Amino acid sequence: MKERLIDAIALMRIPGVGRKRYRRLVEAFGSPSEVLAAPIQRLETVKDISRTTATAIKEQYDGPAARSYASKVVQLGWAALSFDDPGYPTPLRSVPDGPAVLFRLGEATAPDEKMIAIVGTRHPSEKGRLFASQLGSALARSGITIVSGMAEGIDSAAHHGALDGGGKTIAVLGSSLDVIYPASNKSLAARIKEQGAIYSEYLPGTRPDRAFFPERNRIISGLSRGVVVVEAGRKSGALITASHALEQGRELFAVPGAPTDRMSEGANELIRNGARLTTSPEDIFDELPTLKGEVLAKKFIQLPDMTDAEKNITALFSAGPMQVDQLSRAAELPVSELMELLLALELKGVVRELSGKRFVLVEEYA
């Protein structure tokens, strides 16, 4: 297996090969090893392989560098999936510029056909963050794997929602798997590894780069049956994911926002251009009915981490729903401080808001 990986890495690193040519070559010859062993004349028979590219394959093969990278991959415990491997994610096979080699930490999530991406701005409103978390949790409880980019903001909220809902989630990085970005998400990455998978197409030691994030977005959409955009400005990277989704034939969903909300301009524009307006999981199931499964009860290995102050607030709900002013008096806290605690508990899935500024424990804690 290591020798196979060495040849795959060597082929993908040859100048002029790229993802599409890598795929054409492997499809034509059967494996990276067979490509590297083929004479120039036979390489030239493959579509879009010029004499220059064929010559580069024969003359610019860098075995020592490929062996070094392969050894590092094995040492780090990554799964390495070349396009011709059985474990390569099925949805990505239909993406013409899918990764030549895809690296994975964690376990493969199945079934492949039940994945939905949730993406959005790195600077969401608290309502947007909460919606992404709740949507991720609800979909995960229906057996759907949530895919996102582990960026700050909407991406992280979607991952947390899926994990807190007892489901699975996939993160796709714009760096290598040994360079977690942003660093503040290292604890989230550890949770995802245990309850899902982290993917990257970049070789060990690859730092994040501005150009890598649009590249990784095509993998996010490529893995998924559909993409949900939650809060995205007109220049948001989430719109690049939406564009990839349309090119790849995936369904596109967008959460509407107020016309005056700058962070909703991109999502509102997507809706005007035909994206499915989405305010609940049912909007997704209406468009993709085969996704809908039996809703599972939330399963927690342990309760979400809570501060002492959050635990004190939680204890006040023993008699049922409580109004904010009641909670403020009972907790002897100003309303502004109380609201911050309630928002944190909402994001952790412990309480939910009812009408009239009332809050109640969710079923799992009642």
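Would you confirm whether or not region 259-268 contains a residue that is in contact with a Phe, Trp or Tyr (Cβ under 9 Å, 6 or more places away or on another chain) and either in the same structural domain as Gly120 (by TED's automatic domain parsing) or at pLDDT 95 or above (or both)? Within region 259-268, not a single residue is in contact with a Phe, Trp or Tyr (Cβ under 9 Å, 6 or more places away or on another chain) and either in the same structural domain as Gly120 (by TED's automatic domain parsing) or at pLDDT 95 or above (or both). If you check Leu203 against the conditions, is it farther than 30 Å from Thr260 by Cβ and part of a helix (DSSP H, G or I)? No: the conditions fail for Leu203.
Among the conditions (1) assigned to a loop (DSSP other than H, G, I, E, B); (2) of a type in the set (Ser, Thr, Tyr); (3) surrounded by 14 or more Cβ atoms within 10 Å (Cβ to Cβ), the only one that Thr260 does not satisfy is (3). Of the residues making up region 309-330, those that are at pLDDT 80 or above, surrounded by fewer than 17 Cβ atoms within 10 Å (Cβ to Cβ) and more than 35 Å from the chain's Cα centre (by Cα) are Leu316, Gln323, Val324, Asp325, Gln326, Arg329, Ala330. Just one of the listed residues (Ser187, Ser142, Ser176) is in contact (Cβ under 8 Å) with a residue 60 or more places away in the chain, hydroxyl-bearing (Ser, Thr, Tyr), more than 15 Å from Val228 (Cβ to Cβ) and surrounded by fewer than 24 Cβ atoms within 10 Å (Cβ to Cβ), and it is Ser176.
The values are calculated or read from the model by the stated rules, or taken from the named source; none is laboratory data. Because the structure is predicted, anything quoted here is derived from the model rather than measured. Ideal geometry is used to build each Cβ from the backbone, glycine not excepted, and the neighbour counts take in all protein chains shown.
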